[in-house]
Amino acid sequence: MSSDLITLAIPAKPEYVMIARLSSAAVATRIGFDVDQIEDIKMAVAEAIIMIINQLTRPEKLSISFILDPKVIGIEIFGEGDWESSNISTHDLGQAQLGKYILSSMMDSVKFDLDNGTIRAIFMHKDLGV
Amino acid sequence: MILDERFDSDTKMWYISLDGEIDIYNAPEFKEKLHQLIQQNPGDFILDCDSLNYIDSTGLGVLISALRRVKEYNGEIKIRNLKPYIYKIFVITGLDKIFTIEVGNREQ
């Protein structure tokens, strides 16, 4: 069976993160994840977006792709805009670490597309587990 | 975000009720408000999270920032009535070790 792809494009601004989070819940529900798993996925999507937004000096757009298999959800998040790794404050680095803990705990796999230590994109997946 | 705030001058304790969501969008406002309360009356804080439905890492960052300020005068922040899936976030990030987290009347 082939995968279904749902793509969402939002402005890379804090006020739109909720849209991606709630959309991820709808997609996860379609696959059959339970309430706790859906909370995990929502949280992971938000944290991944926060990480990318915080590394954009001039945020433009976020592309979020949901790849739906019968028992797996894959999520790819790309940011568009200007990147400047030196712009990240110590405070942001600490918060990014919190985000990484949350991501790795909520999803079955998380991969970062790095360029000179800057996160350009995040790929993650979660199995239904049944 | 902050539903209610009350300062008990006898115990020098802030009672804060949180509600809804604390996320990357409203975290700056939440930070400003907490720091304002700390400046207004440097006391201990009890955060009642009974109506809090979501907090992300930016919201957690605000709590850490507030805790640093409160620790400067040897105060503390107690967090009450976390929903299980929010308490899970505190455990995952290790923040359950630096905040005093109470479930009902029982400290964890």
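Derivation of every value follows stated rules applied to the coordinates shown; laboratory data play no part. Since this is a predicted model, take the numbers as computed values, not measurements. Because the Cβ atoms are built from the backbone with ideal geometry, glycine has one as well, and the counts that use them run over all protein chains shown.
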Could you tell me the distance between the Cα centroids of the stretch A:34-70 and the stretch B:1-74, to the nearest Å? 26
Answer with one residue from B:63, A:50, A:117: the one whose Cα lies farthest towards the positive end of the charge dipole of the protein assembly as shown, charges on Cβ with Lys, Arg +1 and Asp, Glu -1. A:117
Dividing the helical contributions, -39500 (n - 2.57) per DSSP H run of n ≥ 4, by the residues of chain A yields a 222 nm value, nearest 500 deg cm²/dmol, of -14000 deg cm²/dmol
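Kindly flag which residue pairs out of A:111/B:33; A:111/B:31; A:126/B:83; A:13/B:78; A:13/B:97; B:31/B:83 have an alpha-carbon separation exceeding 28 Å in this structure. Can you show the working numbers first?
Details: A:111/B:33 36 Å; A:111/B:31 31 Å; A:126/B:83 23 Å; A:13/B:78 32 Å; A:13/B:97 32 Å; B:31/B:83 21 Å.
Result: A:111/B:33; A:111/B:31; A:13/B:78; A:13/B:97 exceed 28 Å.
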Taking chain A as the reference, fit the longest principal axis to its C-alpha atoms, fit the long axis of helix A:90-106 to the helix C-alpha atoms, and give the angle between the two in degrees, 0 to 90, nearest 10. 10
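Please report B:69, B:80 as a ranked list, fewest other C-beta atoms within 10 angstrom at the top and most at the bottom.
Details: B:69 15, B:80 19.
If I rank by nearby Cβ atoms, fewest first, I get B:69, B:80.
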Residues of the stretch A:50-86 with backbone nitrogen within less than 14 Å of a virtual label 7 Å along the Cα-to-Cβ line of residue A:114, please, listed as ranges. A:85
Rounded, prolate or oblate: which fits chain B when a ≥ b ≥ c are the square roots of the eigenvalues of the alpha-carbon gyration tensor, with rounded for a/c under 1.5 and prolate only if a/b beats b/c? rounded
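For the residues A:107, A:43, B:13, A:51, what sequence is obtained by ranking on other C-beta atoms within 10 Å, fewest first? Let's see the in-between values first.
Working: A:107 24, A:43 27, B:13 17, A:51 21.
Going from sparsest to densest Cβ surroundings: B:13, A:51, A:107, A:43.
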Residue B:90: net charge of surrounding residues, Cβ under 10 Å, Lys/Arg +1, Asp/Glu -1, itself excluded? +1
Relative packing of peptides A:112-120, A:61-69 - highest average C-beta neighbours within 10 Å first: A:61-69, A:112-120
Could you derive backbone 3J(HN,Hα) for the stretch A:29-45 from the dihedral phi with the Karplus parameters 6.51, -1.76 and 1.60 (θ = phi - 60°), listing whole Hz in sequence and x where the residue is Gly or Pro? 4, 4, 6, x, 5, 7, 4, 5, 5, 5, 4, 4, 5, 4, 5, 5, 4
